[in-house]
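Everything below concerns the one structure shown next.
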There are 2 protein chains.
Amino acid sequence: MTRPARPAGDLAGLVERATQGQARAIGKLITLIENDGTAVRELAALLAPYTGRAYVVGLTGPPGVGKSTMTSAIVAVMRERDARVGVLAVDPSSPFSGGALLGDRIRMQAHALDDRVHIRSMATRGHLGGLAVAVPQALRVFDAAGCDVVLVETVGVGQSEIDIVRQADTTLVLSAPGLGDAIQAAKAGILEIADIFVVNKADRPGAEIVVKDLRHMQSLGGRHSAPGAWRPPIIETVAEDGPEGRGLRQLVDTIERHGERLRTSGDLQDARGARARSEIEALAVAALRRGLASGAGQTPLAELGEEVAAGRLDPYSAADRLVAALR
Amino acid sequence: MTRPARPAGDLAGLVERATQGQARAIGKLITLIENDGTAVRELAALLAPYTGRAYVVGLTGPPGVGKSTMTSAIVAVMRERDARVGVLAVDPSSPFSGGALLGDRIRMQAHALDDRVHIRSMATRGHLGGLAVAVPQALRVFDAAGCDVVLVETVGVGQSEIDIVRQADTTLVLSAPGLGDAIQAAKAGILEIADIFVVNKADRPGAEIVVKDLRHMQSLGGRHSAPGAWRPPIIETVAEDGPEGRGLRQLVDTIERHGERLRTSGDLQDARGARARSEIEALAVAALRRGLASGAGQTPLAELGEEVAAGRLDPYSAADRLVAALR
């Protein structure tokens with residue numbers, strides 16, 4: 001409910017230019033989402049009518065699997081098929097915004113001059129609600145800009161990365177030979193979120209072992225083991241510049257096939273609804289948390305904290321008093 | 001507000017036996033905290049009067065620095081000084097409870113027959129609120145059992161580990177030569193939380209480089225750079241079985257000195273109050289979240305999710321409606 005600092009007309013103009021696919025406007029909106037807690041609420045309202053169309057593909061895996069090259073190669077195949085593509089690269093462990101980094105410019109030079117490819121990286125910064133709030137909003141900017149597909153790429157295999165790729169309709173989990181990543185990935189629970197496994201650098205020794213390990217882990221069950229469920233295919237690739245690398249067109253075919261299946265089964269709508277619910281809930285909890293922190297109600301949190309620390313009150317009873325005061 | 005499944009007398013008896021230092025009762029209470037969402041609220045109320053006395057020491061660092069051996073060695077020095085010691089080993093990435101694992105028994109065999117040393121490991125499990133709620137409660141069990149010191153040890157350097165050692169009065173961050181951990185640690189923000197740096201395996205080549213790196217990073221500032229602030233000492237150790245290893249008594253002296261300083265400055269009370277506030281807030285948010293999930297108020301979250309997914313509503317406005325319905 002805070003008043004935005006900038007005049008509404010300015011923001012509306014920016015959104016309009018972004019919906020026309022203007023790269024600078026798209027970049028500015030994502031920078032706003034990263035930095036400007038006051039504008040983001042108004043921005044969300046302005047963007048909403050233009051959203052709900054883009055298909056989101058998530059891409060994750062441990063360092064060294066070739067995620068950037070793979071992203072660039074997938075973009076190349078999608079451009080062959082005339083799709084407008086957005087790329088959001090998220091590093092949850094970095095405090096730096098990618099917007100101003102050299103990395104953005106040297107990444108994916110192959111697409112630098114293509115005005116139907118939009119590339120941005122994003123970091124956490126102080127945004128209220130963090131990436132759980134910022135990532136879906138950034139995806140909506142690409143969506144509103146008319147992207148048919150948005151690739152969201154993260155750098156690792158931790159919980160933050162999992163939370164990010166959960167925003168995707170189809171999630172690719174990359175492995176490669178020689179990284180010991182099969183076990184790493186299993187530990188981080190990343191296998192559970194894969195819709196498609198990609199074994200990249202498949203021309204290197206050990207690729208067949210990675211494939212075998214993945215098959216074995218699939219055989220152990222999980223959410224995909226129900227009868228009729230989508231069983232994540234394992235695609236072997238050799239990503240390189242351009243669309244010609246081994247397995248790349250097959251990979252994009254598989255992404256399209258998965259998307260088609262989600263659409264016809266109604267699962268796409270269900271999953272998007274569930275994601276929106278999580279997002280709404282996260283925003284509601286953030287609002288309530290602000291209310292708690294500002295000492296809403298008559299019960300000062302500081303006093304409750306002292307009571308609990310001294311053992312005169314238990315934390316559950318303290319929480320009850322706090323919630324009662326808020327309601 | 002759910003009714004506990006077990007009779008209240010049973011739980012009260014268990015708490016009483018734990019306060020007498022009975023190992024089995026202590027173990028059972030921590031198992032309850034891990035597994036039994038219904039008992040934990042009543043347990044908190046029963047434990048509270050016995051808490052607020054134990055001093056909590058956190059211990060973290062990347063794999064390979066020798067955390068288990070260090071924990072065992074610190075226990076040995078503290079036992080020399082006649083303290084009753086609890087050890088809580090937490091693995092936030094493991095779905096397994098440590099209670100039944102062989103690990104617990106082979107860990108720290110040196111103290112296995114000492115009835116004034118209590119050792120437990122703990123994992124996340126499905127506990128509502130996760131480790132943010134379970135760890136402080138488990139620490140209270142050791143506190144109520146009469147432990148003078150509780151060591152809480154975690155296995156890594158990620159955000160979950162940081163959240164766990166934040167529960168400590170004094171936090172030790174371990175490094176060792178040859179792990180490339182200085183940079184790792186800096187990335188994970190773990191340097192910010194250290195009250196004492198421990199360079200273990202200090203008899204190995206490269207130890208002086210680790211010390212130099214830490215000094216250099218300290219010189220770059222941070223929360224400890226204010227005038228008069230506690231500047232985290234860097235202690236070189238060679239942990240081994242028993243209290244005799246290089247630097248171990250010096251380390252425990254330094255922990256005691258830090259504790260003394262926190263006590264006399266009033267910072268201990270302040271920090272404990274702040275931690276209790278975070279805990280209360282986490283419990284309150286969990287309660288509110290349950291309220292949201294169960295569709296409190298008239299606005300069905302499912303419907304809001306569909307509206308947002310379809311672009312007919314923005315997530316902030318949806319969150320506003322949800323919160324309004326709750327209030």
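Backbone N atoms of segment B:254-273 closer than 18 Å to the 7 Å Cα→Cβ label point of A:A302 belong to residues B:266-273. If Lys and Arg each add +1 and Asp and Glu each add -1, what is the summed charge of the other residues whose beta carbon sits under 13 Å from the beta carbon of A:A76? Charge balance in the 13 Å sphere: -2. Summing charges over all other residues whose Cβ lies under 12 Å from the Cβ of B:E260, with Lys and Arg as +1 and Asp and Glu as -1, gives -1. Residue by residue along B:267-280, Cβ atoms of other protein chains within 10 Å of the local Cβ number 6 on average. Under 5 Å from the amide H of A:A89 lie the amide H atoms of A:R120, A:S121, A:M122, A:E153, each residue being 5 or more positions distant or on a separate chain, with H modelled from the backbone and absent for Pro and chain starts. Counts of other chain beta carbons within 10 angstrom of each beta carbon in peptide B:40-50 average 4. Distances from A:A271 to itself in the other copies, using label points 7 Å out along the Cα-Cβ axis, amount to 4.5 nm in increasing order. Would you work out what percent of the accessible area of segment A:198-256, with all protein chains in place, is carbon or sulfur (probe 1.4 Å)? Of all accessible area on segment A:198-256, carbon and sulfur atoms account for 50 percent. Under a 5 Å amide H cut-off, with hydrogens placed 1.01 Å from N, A:S175 pairs with A:V198, A:V199, A:N200 among residues at least 5 apart or on other chains.
The amide H of B:G58, built 1.01 Å from its N in the peptide plane, has B:V152, B:D169, B:T170, B:T171, B:L172 as neighbours under 5 Å, considering only residues 5 or more places off or on other chains. For the chain pair B and A, the interface hides roughly 4300 square angstrom of accessible area in total, found with a 1.4 Å probe.
Packing here is the average count of other Cβ atoms within 10 Å per residue, and on that basis the peptides B:193-205, A:161-173, highest first, run A:161-173, B:193-205. Net charge around A:A18, counting only other residues with Cβ within less than 11 Å of its Cβ (Lys, Arg = +1; Asp, Glu = -1)? Neighbour charge sum, excluding A:A18 itself: +2.
The values are calculated or read from the model by the stated rules, or taken from the named source; none is laboratory data. This is a predicted model, so every value here is computed, not measured. Positions of Cβ are backbone-derived with ideal geometry, glycine not excepted, and every protein chain shown enters the neighbour counts. Note: areas computed on protein heavy atoms with side chains; ligands, DNA, RNA excluded. Shrake-Rupley method; radii C 1.70, N 1.55, O 1.52, S 1.80 Å.
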